[in-house]
Every structure is written in structure tokens, then in C-alpha cells.
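Colleague: Shown below is the structure under consideration.
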Amino acid sequence: MKKIASFEVDHNKLQKGMYISRIDGDIVTYDIRMYVPNGGVYMSNAAAHSFEHLFATLARNSQFEKNIVYVGPMGCRTGFYLVVRDMQHKDALALMQDVLHNIALWEGAIPGVSKIDCGNYRSHSLAGAKQMAADMEQVLSEWTEEKMYY
């Protein structure tokens, strides 16, 4: 079988950051790498779950709401994918920086945390999500479009 694009990336060289994973016509998949692959430290399930709820809610309530196709965690627990349509790379980066800032400062309830809204509503960590966002906000604070290429 042919190797998929994400398995073609040299994970030994990959660092924290925001990368263009693939471009399919007007759809772009971004690799939001929040932890160094195979570095021994990974997202906890509870923190990743809370981060996902906040990330998806904030992105889909932004000025780019119509461009958001998907937001979701990587199975390896080193980051998230952001899939967008008809969006400039600089705008995706600005969105990501804004979302991270807002998650880092989030106060109050996590959106969608109820038995009706969520399939594992007891597994959340707002503190963990905020810490992940604050750390990644620092990484992307001086990120540029030129750095988005593997």
C-alpha cells in the first residue's frame, strides 16, 4: 500500500509549531504540533478533550466559521489537525494564535460538557487545556507563514 502523506514526515526532525500538512484543492490540513514527537511527554486525554471542545467552539465562532471543516486531536497525542477551506495561510495562523490566546485565558464552563452534548463528559481538564494553549501560544507568537513548511 502507498504510504499516506502524514507518515512521510520525518518525525525525528519535527518540532512544536504549525505546519501545512497537505493541500487538496481548496482544502488545507494544518498540523498543529504541540509536543515533540516521541519526546516522552504527550497530551493527557482530559486536557486534550477540553482543548478540543474549546478549540472547535472558538474556531467555529470566529470570523472564519464558514472556513472551518474539522478540528481534532492526533492519535499520537502530540497535537491537533485543523482542516479549513478557502483560507489563506496567514489567516489560519492568525486564527490559531487568537484561539490559543483565548483558551489560555478561558474562565468558566467548557462548552459542550454535559451527558447530552459529549460522549465522555467526565473526562476534562480545563487547567490542562489552558496550560497547553499558553505553551503553544508562546511557540506561535513569532511564527510565520515561511515556517509552516515541513
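Colleague: Could you figure out which of (1) more than 23 Å from Tyr150 (Cβ to Cβ); (2) surrounded by fewer than 19 Cβ atoms within 10 Å (Cβ to Cβ) isn't true of Ala47?
Modeller: (2)
Colleague: Just need a number here: residues in region 78-92 that are in contact (Cβ under 8 Å) with a residue 60 or more places away in the chain and among the acidic types (Asp, Glu).
Modeller: Here the count works out to 1.
Colleague: Just one of Ala127, Ala133 is surrounded by 12 or more Cβ atoms within 10 Å (Cβ to Cβ), touching a helix residue (DSSP H, G or I) at 6+ places or on another chain (Cβ under 9 Å) and modelled with pLDDT of 95 or more; which is it?
Modeller: Going through Ala127, Ala133 in turn, the sole match is Ala133.
Colleague: Also, quick follow-up: Looking only at residues that are assigned to a loop (DSSP other than H, G, I, E, B) and among the β-branched types (Val, Ile, Thr) in region 34-68, which one is nearest to the chain's Cα centre (by Cα)? If you could, list the steps in order and put the result at the bottom.
Modeller: Taking region 34-68 first, the residues assigned to a loop (DSSP other than H, G, I, E, B) are 34-44, 61-64.
From what's left, among the β-branched types (Val, Ile, Thr): 36, 41.
Values: Val36: 14, Val41: 17 Å.
By that ranking, first place goes to Val36.
Colleague: Also, quick follow-up: Would you check which residues across region 31-65 are among the aromatic types (Phe, Trp, Tyr) and within 24 Å of Gly112 (Cα to Cα) and list them?
Modeller: Matches in region 31-65: Tyr42, Phe51, Phe55, Phe64.
Colleague: Could you look through region 1-33, keep only residues that are at pLDDT 90 or above, outside any strand (DSSP E or B) and aliphatic (A, V, I, L, M), and pick out the one that is surrounded by the fewest Cβ atoms within 10 Å (Cβ to Cβ)?
Modeller: Per the criteria, the residue is Met1.
The values are calculated or read from the model by the stated rules, or taken from the named source; none is laboratory data. In this text, all values refer to a predicted model and were calculated from it rather than measured experimentally. Heads up, the Cβs are rebuilt from the backbone with ideal geometry, glycines too, and the neighbour counts pull from every protein chain shown.
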